[in-house]
Amino acid sequence: MRPPLNGARVVVVNWRDRGHPLAGGAEEYAARMADAMTAAGAQVTFLTARGEGQDRGDGATVRRGGRWTVYFWALLWLLRNRSSVDLVIDCQNGIPFFSPLVVARWTKVVLVVHHVHDAQFAVHFPPWLARIGCWLEGPAARRVYRRAVTVAVSRSTVRAMRERLAWRGRIFVVPNGLDRPPPVDGTRSEQPSLVCLGRLVAHKRVDRLIGIVGALRGRWPGLRLHVIGRGPEEAALRRAAEPFGDAVVVHGYVDDSTKSALLRESWLNVTLSDGEGWGLAVVEAAAHGVPTVCREVDGLRDSVRHDETGWLVPEGGDVGGAVHDALSLLARPDDAEAVADACRAWAARFDWTTSGRMFVSAVSGLLDSTTAGRVGGPAPEEDLCDAL
């Protein structure tokens, strides 16, 4: 039996690849979907920027440009190779690549959207540049990708695209997967401990969490916070943690075994992110039996089941109070074990093999000339998390 993507020439365009020093969940998703398409018989080229210490790539990975210039180089590469591309997987991380402008008319385009960035532009950029970003993400992208198929990673992203970007095209949901935790030793710490797992960037608000931990130490004297991840805010967060001594430890990047051991020791995962596409780190913590306290924002409201695998704090709510209440509940062994069981059961619903199969099904349906005009696999806007 022929593989479903036998011989298809696919280009995955993402501003970073998994080996980039600032890579996060979006890069993991792109790499996993590329792996799934390769296993299904496609010839996959990954087109991305160069990070510090990375070379120019090889035949399977092409690295050109940096944070901003990657868009120009990617379009130039696609234009030069337009006759040898069957499908472009165009990953939008705030600003899309606008690949439909340069590929051949018969080339199919799938736009991958993790979350809507309109509010985040104002956090990272001056007002004039934020307005340009919102225009590119909204009206410009809506026009250029009007004939493309869109894949979103969560129901929150679909809703945000419909309401905030006025997106009218087809949107299909293919969720993030998850690797099972490695078998490492470790038990929950005797004293309460928090973990914050993810990329260290401004919109994750880790600095505010450090302040909350400082305030909670009066009620929880032995409380500790482990910050795990890398990103442009790492140095600033290390400085912010210094006054708290060993109560706040910014680990930076750690290997999988170390990360798993730290998660197994922790009572509670906390994220104050302004918004996510899904919440890969939240489900990774759940796989270790660790619940999450987070703000009730896009993505996280999908990856956390309120009062079951964690607690969602409404906009303007008291995050510190929610953390205190969660720790009080988790201090009771029976309650802690019940929450841990619910977290592990929830996380067990997600795996990269299933997500990759969904993605391949959609792509193979798009490329199949006998099914032109429709996409196989998931139904439009179905929340596949409920189907797993």
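Coordinate-derived values only; no laboratory data. What you are looking at is a predicted structure, and each value in this text was computed from that prediction instead of being measured. When we count neighbours, we look across all protein chains shown, and the Cβ atoms used for this are built from the backbone with ideal geometry, even at glycine.
Distance between the modelled labels on S328 and S83, one decimal in nanometres: 7.2 nm (7 Å Cα→Cβ projection). Whole-Hz Karplus values for segment 303-317 come out as 8, 10, 8, 4, 6, 10, 10, x, 9, 9, 9, x, 3, x, x Hz, taken residue by residue from phi with 6.51 cos²θ - 1.76 cosθ + 1.60 and θ = phi - 60°; glycine and proline positions read x.
Kirkwood Rh, segment 193-347, all Cα pairs: how many Å?
Details: mean 1/r = 0.0658 Å⁻¹.
By the Kirkwood definition, the hydrodynamic radius is 15.2 Å.
Spin-label pair R208-D335: with each label point 7 Å from Cα along the Cα-Cβ axis, the two points sit 2.5 nm from one another. For a paramagnetic label modelled on A104 (point 7 Å from Cα along Cα→Cβ), amide N atoms under 20 Å away belong, within segment 1-34, to 5-13. Given their separation in residues at 0.36 nm each and the Cα-Cα distance between them, R162 and T353 gain 65.9 nm when the chain is fully extended.
Helix check for the chain. Which DSSP H runs span at least 18 Å along their own axis by Cα, with a mean Kyte-Doolittle hydropathy no less than 0.5?
Numbers: long enough: 25-39 (21 Å, -0.19); 333-347 (21 Å, -0.23); 352-367 (22 Å, 0.78).
Qualifying helices, which must be both long enough and hydrophobic enough, are 352-367.
With loop defined by DSSP as not H, G, I, E or B, and exposure as at most 16 other Cβ atoms within 10 Å, which is the longest segment of the chain clear of exposed chymotrypsin sites (Phe, Trp or Tyr not before Pro)?
Working: sites that count: W68, W106, Y253.
After excluding every exposed loop site, the longest remaining stretch is 107-252.
Note on S189 and R142: the extension gain reaches 12.0 nm, defined as 0.36 nm multiplied by sequence separation minus the Cα-Cα distance. Among beta bridges from DSSP that stay inside the chain, the antiparallel ones total about 5%.
For trypsin sites (Lys or Arg not before Pro), the sites in segment 118-175 that DSSP calls loop and that have at most 16 other Cβ atoms within 10 Å are R146, R147, R168, R170.
Rounded to two decimals, the Cα radius of gyration of the chain over 2.2 N^0.38 Å is 1.00.
In the chain, which longest range has no GluC sites (Glu not before Pro) that are both DSSP loop (not H, G, I, E or B) and surrounded by at most 12 other Cβ atoms within 10 Å?
Details: sites that count: E52, E190, E315.
Longest site-free region, per DSSP loop and neighbour criteria: 53-189.
Figure the gain on full extension for D255 and E315 (residue separation times 0.36 nm, minus the Cα-Cα span) and round it to one decimal in nm.
Going from the current span to full extension adds 18.2 nm.
How big, in percent, is the set of alpha carbon pairs in segment 98-243 lying more than 25 Å apart?
Working: 5474 of 10585 pairs.
Summing the P(r) tail past 25 Å for segment 98-243 gives 52 percent.
Applying 1/(1 + (r/R0)^6) with r as the Cβ-Cβ distance of F72 and W135 and R0 = 25 angstrom yields a FRET efficiency of 0.85.
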